[in-house]
There are 2 protein chains.
Amino acid sequence: MTAYRFDVLGLGNAIVDVIAPVDEAFLLKAQLHKGSMQLIDEAQAQALYDAMGPARIVSGGSAANTIAGLASFGGLGAFVGKVRADDAGHAFGHDIKAAGVSFATPPAQDGPATARCLVLVTPDGQRTMNTFLGACQNLTIDDIDAADVAASQVLYLEGYLWDPPAAKIAFVEAARLAHAAGRQVALTLSDVFCVDRHQAEFLALLRDGVVDILFANEAELHALYQTSDFDTAVTALRQEKILAAVTRSEKGAVVVKGPQTFSVPAAPIEKLVDTTGAGDLFAAGFLSGLTRGAGLERCAELGALAASEIIQHFGARPEANLAQLAQQSGLDG
Amino acid sequence: MTAYRFDVLGLGNAIVDVIAPVDEAFLLKAQLHKGSMQLIDEAQAQALYDAMGPARIVSGGSAANTIAGLASFGGLGAFVGKVRADDAGHAFGHDIKAAGVSFATPPAQDGPATARCLVLVTPDGQRTMNTFLGACQNLTIDDIDAADVAASQVLYLEGYLWDPPAAKIAFVEAARLAHAAGRQVALTLSDVFCVDRHQAEFLALLRDGVVDILFANEAELHALYQTSDFDTAVTALRQEKILAAVTRSEKGAVVVKGPQTFSVPAAPIEKLVDTTGAGDLFAAGFLSGLTRGAGLERCAELGALAASEIIQHFGARPEANLAQLAQQSGLDG
């Protein structure tokens, strides 16, 4: 038993996903870059929504998905993120609390609407995301509870927080508080364009000791080290004094800790439906293992397992009980 | 080619579904009758929502599901139903129009919120529905466009309309307009408790010539004829001067037209996920065939096919293109 109140406290953009299947022609016509996340304003969101087919609405947000995944593994999770007190914000709050996550950030009473992400899923299962940040712009340093951060084994931050200016300040302060309490700080690079926007600053976070654990996919790692060669990127990563897990879709994941480097395969799936949340859930499984003292290989296997669950249905919140799934897969030991 | 502007015009409660898996114990504790629809007020809806797990939000409504299904078969559908001008109402309007359905009912600018149905799905795939009617109370005779009714081959009405008092008047007037224009009127009995509430009036609708085509499931038919014996109910049904299709879950469907009675089997499925919308989509397939002049057996086969699609995923709007599915199943000829 740990003395921690939370295994992981996640800080991220609180977003409701609006998911619709589209064909490739739709992306071409709307000039959208498949597989990426782009920021859009409310008018663009409205125009894109009008053009989309019938949609399902489910809670999302990268770090929020990760913490919901951690809770599904039986972990103690908390989430900090800003919604507005509107229908979507109410749904977001309901869903994350119903998933067993502690969520106490007060909703904004005015200002922009709760953030939404229009997620377009092509027949190959790839998702293209279009995010209206809305109320996430209102997340500030005042939303960080120092006691909660100090009581969490790991603070988990998403790179997307670098987009709303006030959230970036909250991010840095939360990391400072975590380290002051002797906790670990994890970062996910979020998206290749997000890395492009903030490359120098993200690299500085690793090198200045702000971040101890890094999650990235292959494309994000390439963007971070401005290379198109995976081995070059991994070699660079080995020089950082951090633990890193790099996901490579169907090729599995590579874990790097200084000179130590190893791979785990992707978990088998029956049918790829929607890749949304694959990275988020990999992080959930990995952190679930890590905060329980599992070895790094087991951590990565748990990550791969959670990712395999999430990509076989629409939406980025787990539908299966991940603790049961881990048990069935012999990964609970 | 027909001279009709619409193959089917549906009139129903415009509802957004909030769907969550629950276990059997949840239903017991909440004293809910599995498989039924019960009406709840806004406070009850809030309390139940707070107790539910993470949910997905998708458009629903019985007749609306049917018309969306008809459109997926390539049919020309129109829907009349009342939402409020709120987020859920906006989503409902988006989804039905994005499905290719004509939807022009003006949203209420004030009064109760857009209707929502809290759909609890047990591991056996059965759904238990809890409906807050909200803005549906505001559907009135003024929302019926006589020209649209006259321009539709079939007017499709849901029994649930008998619950909001003003909608019932709109229902009767729409049926009158349809018959005045020489069109056919179809009714779905909606739910066993709905039939219990309105049994004598529903029976009168059949016997007074208000309804030409009846859709019901086995339990609803039993409630209509106040018997627990299927053969007794079917014998009674044969006496009515109507065309009737009775769905029997995995036992398929029985079609009755006076002395003519035949059965079609259920279409095969891989995995039962959520029965929500099974009857709605059976009606979609059946009416799709009927309005194109198919024989009754083919109509019922199309109904069974559409029902098999809808019960293999959460939510009551088709995720597959039903026209393609019919073609792949050799039912398009």
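Listing for the model above:
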| read-out | value |
| --- | --- |
| Members of region A:297-331 that are more than 19 Å from the chain's Cα centre (by Cα) and under 18 Å from residue A:244 (Cβ atoms) | A:297, A:298 |
| Filter result for the condition that a residue is out of contact with any Cys (no Cβ under 7 Å at 6 or more places or on another chain) and surrounded by 22 or more Cβ atoms within 10 Å (Cβ to Cβ), over A:77, A:93, A:89, A:111 | A:77 |
| Region B:307-319 - residue that is within 25 Å of residue B:92 (Cβ to Cβ) and free of Cβ contacts under 8 Å to residues at least 60 places away in the same chain and, of those, farthest from the other protein chains (Cβ to nearest Cβ) | B:309 |
| Matching option when the condition is within 29 Å of residue B:301 (Cβ to Cβ) and either surrounded by fewer than 24 Cβ atoms within 10 Å (Cβ to Cβ) or modelled with pLDDT under 95 (or both), among B:69, B:61, B:100, B:53 | B:100 |
| Scan of region B:190-200 for residues that are among the charged types (D, E, K, R) and buried (at least 21 other Cβ atoms within 10 Å of the Cβ), ordered by number | B:191 |
| The listed residue being over 26 Å from residue B:150 (Cβ atoms), small (Gly, Ala, Ser) and buried (at least 18 other Cβ atoms within 10 Å of the Cβ), out of B:14, B:20 | B:20 |
| Residues satisfying the stated conditions in region A:148-164, i.e. out of contact with any strand residue (DSSP E or B) (no Cβ under 7 Å at 6 or more places or on another chain) and within 13 Å of residue A:77 (Cα to Cα) | none |
| Members of region A:279-296 that are surrounded by fewer than 24 Cβ atoms within 10 Å (Cβ to Cβ), touching a residue at least 12 places away in the same chain (Cβ under 8 Å) and either closer than 22 Å to residue A:220 by Cα or of a type in the set (A, V, I, L, M, F, W, C) (or both) | A:296 |
| Filtered residues of region A:201-218 (kept if farther than 15 Å from residue A:178 by Cα and buried (at least 21 other Cβ atoms within 10 Å of the Cβ)) | A:202, A:214, A:215, A:216, A:217 |
| Some residue of region B:31-44 being part of a helix (DSSP H, G or I) and of a type in the set (Lys, Arg) | no |
| Failed criterion for residue B:308 (all others in (1) under 22 Å from residue B:59 (Cβ atoms); (2) among the hydroxyl-bearing types (Ser, Thr, Tyr); (3) not in a helix (DSSP H, G or I) hold) | (3) |
| Residue B:171 vs. criteria within 16 Å of the chain's Cα centre (by Cα), surrounded by fewer than 24 Cβ atoms within 10 Å (Cβ to Cβ) and not in a strand (DSSP E or B) | no |
| Residues being among the charged types (D, E, K, R), away from every other protein chain (no Cβ under 14 Å) and buried (at least 21 other Cβ atoms within 10 Å of the Cβ) - total across region B:114-128 | 1 |
| Lone unmet requirement of (1) surrounded by fewer than 16 Cβ atoms within 10 Å (Cβ to Cβ); (2) outside any strand (DSSP E or B); (3) among the β-branched types (Val, Ile, Thr) for residue A:261 | (2) |
| Residue check, residue A:328 farther than 20 Å from residue A:255 by Cβ, away from chain B (no Cβ under 14 Å) and surrounded by fewer than 18 Cβ atoms within 10 Å (Cβ to Cβ) | yes |
| Unmet criterion (only one of (1) among the hydrophobic types (A, V, I, L, M, F, W, C); (2) farther than 17 Å from residue A:62 by Cα; (3) out of contact with any Asp or Glu (no Cβ under 7 Å at 6 or more places or on another chain)) for residue A:91 | (2) |
| Residue in region B:38-48 that is in contact (Cβ under 8 Å) with a residue 24 or more places away in the chain, within 12 Å of another protein chain (Cβ to nearest Cβ), surrounded by fewer than 20 Cβ atoms within 10 Å (Cβ to Cβ) and more than 30 Å from residue B:293 (Cα to Cα) present | yes |
| Pairs where the first residue, in region A:243-261, is touching a residue at least 40 places away in the same chain (Cβ under 8 Å) and the second is crowded, with 17+ Cβ neighbours inside 10 Å and among the aromatic types (Phe, Trp, Tyr), C-beta under 6 Å, 6+ apart | A:245/A:215; A:245/A:286; A:247/A:282 |
| Scan of region A:35-80 for residues that are farther than 30 Å from residue A:149 by Cα and among the aliphatic types (A, V, I, L, M), ordered by number | A:40, A:43, A:45, A:47, A:48, A:51, A:52, A:55, A:57 |
| Residue within region B:155-163 that is charged (D, E, K, R) and in contact with a Lys or Arg (Cβ under 9 Å, 6 or more places away or on another chain) present | yes |
| Given (1) touching a residue at least 60 places away in the same chain (Cβ under 8 Å); (2) surrounded by fewer than 24 Cβ atoms within 10 Å (Cβ to Cβ); (3) aromatic (Phe, Trp, Tyr), number of the condition residue A:162 does not satisfy | (1) |
| All positions within region B:106-125 that are within 24 Å of residue B:273 (Cα to Cα), in contact with a strand residue (DSSP E or B) (Cβ under 9 Å, 6 or more places away or on another chain) and either part of a loop (DSSP other than H, G, I, E, B) or of a type outside the set (A, V, I, L, M, F, W, C) (or both) | B:116, B:122, B:123 |
| Selection from region A:50-90 of residues that are in a helix (DSSP H, G or I), among the hydrophobic types (A, V, I, L, M, F, W, C) and more than 7 Å from chain B (Cβ to nearest Cβ) | A:51, A:63, A:64, A:67, A:68, A:70, A:71 |
| Restricting region B:5-30 to residues that are closer than 22 Å to residue B:170 by Cα and not in a strand (DSSP E or B), the residue that is farthest from the other protein chains (Cβ to nearest Cβ) | B:5 |
| Tally of residues being under 30 Å from residue B:53 (Cβ atoms) and part of a loop (DSSP other than H, G, I, E, B) across region B:126-153 | 2 |
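Every residue, every condition in (1) over 14 Å from the mean Cα position of the chain (by Cα); (2) not in a loop (DSSP other than H, G, I, E, B), yes or no:
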residue	(1), (2)
A:254	yes, yes
A:268	yes, no
A:273	yes, no
A:282	no, yes
A:289	yes, yes
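The values are calculated or read from the model by the stated rules, or taken from the named source; none is laboratory data. Since we're looking at a predicted model, the values are computed, not measured. Using ideal geometry, Cβ is built from the backbone for each residue, glycine included, and neighbour counts are taken over all protein chains shown.
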